[in-house]
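Notes to accompany the following structure.
The values are calculated or read from the model by the stated rules, or taken from the named source; none is laboratory data. Since the model is a prediction, treat every value here as computed from it, not as a measurement. Every residue, glycine among them, receives a Cβ derived from its backbone with ideal geometry; neighbour counts consider all protein chains shown. What goes into the accessible areas is simple: the full protein's heavy atoms, side chains included, and nothing from ligands, DNA or RNA. Shrake-Rupley method; radii C 1.70, N 1.55, O 1.52, S 1.80 Å.
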Amino acid sequence: MVVVVADRVTTSLAVDHLHETRHVWGPFGVSLTFNSGFAFSLFSGRAVLVTVLLCAGVVVLAFAVGRVRTVPLAVGAGLVLGGAIGNLSERIVGTHGGQVPDFITLDYWPTFNLADACVTIGIVALLLGHHEPPPDARGVTSPSPLDVEGAPHRPEREEAP
């Protein structure tokens, strides 16, 4: 929910107050553009198709997030889901005909918004956090040492024969 609110607030501020391209610092700048496609303008000009696909993607992501059992995967999945909902909400309730305002610029990188950044960071977190723990001496894969609720994992003791 934090990602969605932060995206909506920053997007509203950009649309209301950003009227010219500005260099901020180093490779960072701001410039308001509108994107009818997915990230990097994939499927541009097909706002209805993109909106339908995003709706389906959000439903699938919501179910997947409910099955996550480790903190790194929960954070990554939450960022991806929050970013997807942020962009979807802008397409549905925004006043730009299904287009999403993008306003953060980097040298040699397409313009993006906070929701896009969260999706990207979330995917990286999912890739880095998705690994199988090594099997224990019995060949059984051990659960993560930290579950989503934050309780440490305590392996069960085996009875000596």
Please state which of the following conditions residue 10 fails to meet, knowing it meets all the rest: (1) touching a Gly at 6+ places or on another chain (Cβ under 9 Å); (2) polar (S, T, N, Q); (3) within 25 Å of residue 97 (Cα to Cα). (1)
Whether any residue in the range 25-37 is of a type in the set (A, V, I, L, M) and free of Cβ contacts under 8 Å to residues at least 40 places away in the same chain is what I want to check. no
Exclusive hit being out of contact with any helix residue (DSSP H, G or I) (no Cβ under 8 Å at 6 or more places or on another chain) and open to solvent by less than 40 Å² (accessible area, probe 1.4 Å), set 29, 98, 78: 29
For the structure I just gave you, tell me whether residue 24 is out of contact with any Pro (no Cβ under 6 Å at 6 or more places or on another chain), in a helix (DSSP H, G or I) and open to solvent by 80 Å² or more (accessible area, probe 1.4 Å). no
Of the residues in the range 4-19, those that are of a type in the set (Asp, Glu) and open to solvent by 50 Å² or more (accessible area, probe 1.4 Å) come to 16
